[in-house]
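Engineer: Sharing a structure, written as structure tokens. Questions coming.
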Amino acid sequence: MANSAQARKRARQAEEARQHNASQRSAFRTAIKKVLKAVEAGDKSAAQAVFQQSVSTIDSLADKKIFHKNKAARHKSRLSAAIKGMAA
């Protein structure tokens, strides 16, 4: 356990950051699931609309360094490919 005032404060701050980041990661996963659900439903226009909202969320989290920019780009690319594949 933290013994100094400084260490106690850092422990408090680390816990707050952990909880915040956990909720941000959850939002990331939810955004991806919404797009995949729309793709499975088969409505391409709805899937594209949800995809645009999800891209905003994903980019925001990459900018905040919750996720690496390449991970964000990979997910966006795969979701986009899934939507494009709906017509085929």
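The values are calculated or read from the model by the stated rules, or taken from the named source; none is laboratory data. Everything quoted here is computed from the prediction, not taken from an experiment. Neighbour counts run over all protein chains shown; Cβ positions are idealised from the backbone, glycine included.
Engineer: Yes or no: LYS9 surrounded by 12 or more Cβ atoms within 10 Å (Cβ to Cβ) and in a helix (DSSP H, G or I)?
Structural biologist: Criteria not met by LYS9.
Engineer: Please work out if ALA2 is small (Gly, Ala, Ser) and either exposed (fewer than 11 other Cβ atoms within 10 Å of the Cβ) or part of a helix (DSSP H, G or I) (or both). So that I can check it myself, show each step before the final result.
Structural biologist: Working: small (Gly, Ala, Ser): yes; either exposed (fewer than 11 other Cβ atoms within 10 Å of the Cβ) or part of a helix (DSSP H, G or I) (or both): no.
Against the criterion (small (Gly, Ala, Ser) and either exposed (fewer than 11 other Cβ atoms within 10 Å of the Cβ) or part of a helix (DSSP H, G or I) (or both)), ALA2 does not qualify.
Engineer: Within the range 53-75, does at least one residue satisfy the condition of being in contact with a Ser or Thr (Cβ under 8 Å, 6 or more places away or on another chain) and in a helix (DSSP H, G or I)?
Structural biologist: In the first step, residues of the range 53-75 are kept if they are in contact with a Ser or Thr (Cβ under 8 Å, 6 or more places away or on another chain); the result is none.
Within the range 53-75, not a single residue is in contact with a Ser or Thr (Cβ under 8 Å, 6 or more places away or on another chain) and in a helix (DSSP H, G or I).
Engineer: Could you figure out which of (1) in contact with a helix residue (DSSP H, G or I) (Cβ under 7 Å, 6 or more places away or on another chain); (2) closer than 20 Å to ALA22 by Cβ; (3) without any contact (Cβ under 8 Å) to a residue 12 or more places away in the chain isn't true of ILE58?
Structural biologist: Tallying (1) in contact with a helix residue (DSSP H, G or I) (Cβ under 7 Å, 6 or more places away or on another chain); (2) closer than 20 Å to ALA22 by Cβ; (3) without any contact (Cβ under 8 Å) to a residue 12 or more places away in the chain, ILE58 fails exactly one: (3).
Engineer: Looking at the range 48-74, which of its residues are hydrophobic (A, V, I, L, M, F, W, C), over 19 Å from ARG25 (Cβ atoms) and out of contact with any Lys or Arg (no Cβ under 9 Å at 6 or more places or on another chain)?
Structural biologist: Within the range 48-74, ALA49 is the sole residue that qualifies.
Engineer: Does any residue in the range 33-50 that is under 18 Å from LYS76 (Cβ atoms) come within less than 8 Å, Cβ to Cβ, of a residue that is in a helix (DSSP H, G or I) and of a type in the set (S, T, N, Q) six or more places away or on a different chain, and which pairs are these?
Structural biologist: Qualifying pairs under 8 Å: LYS34/GLN53; LYS34/SER54; VAL35/SER54.
Engineer: With respect to GLU16, determine if the residue is farther than 13 Å from SER80 by Cα and either among the hydroxyl-bearing types (Ser, Thr, Tyr) or at pLDDT 95 or above (or both). Explain how you work it out, then say what you get.
Structural biologist: Working: farther than 13 Å from SER80 by Cα: yes; either among the hydroxyl-bearing types (Ser, Thr, Tyr) or at pLDDT 95 or above (or both): yes.
The answer is yes for GLU16.
Engineer: Separate question: Taking the condition of being crowded, with 16+ Cβ neighbours inside 10 Å and closer than 16 Å to GLY42 by Cβ, how many residues in the range 70-85 meet it? Lay out the reasoning, then the answer.
Structural biologist: Just the residues of the range 70-85 that are crowded, with 16+ Cβ neighbours inside 10 Å, to begin with: 72, 75-76, 79, 82-83.
From what's left, closer than 16 Å to GLY42 by Cβ: 79, 82-83.
The total comes to 3.
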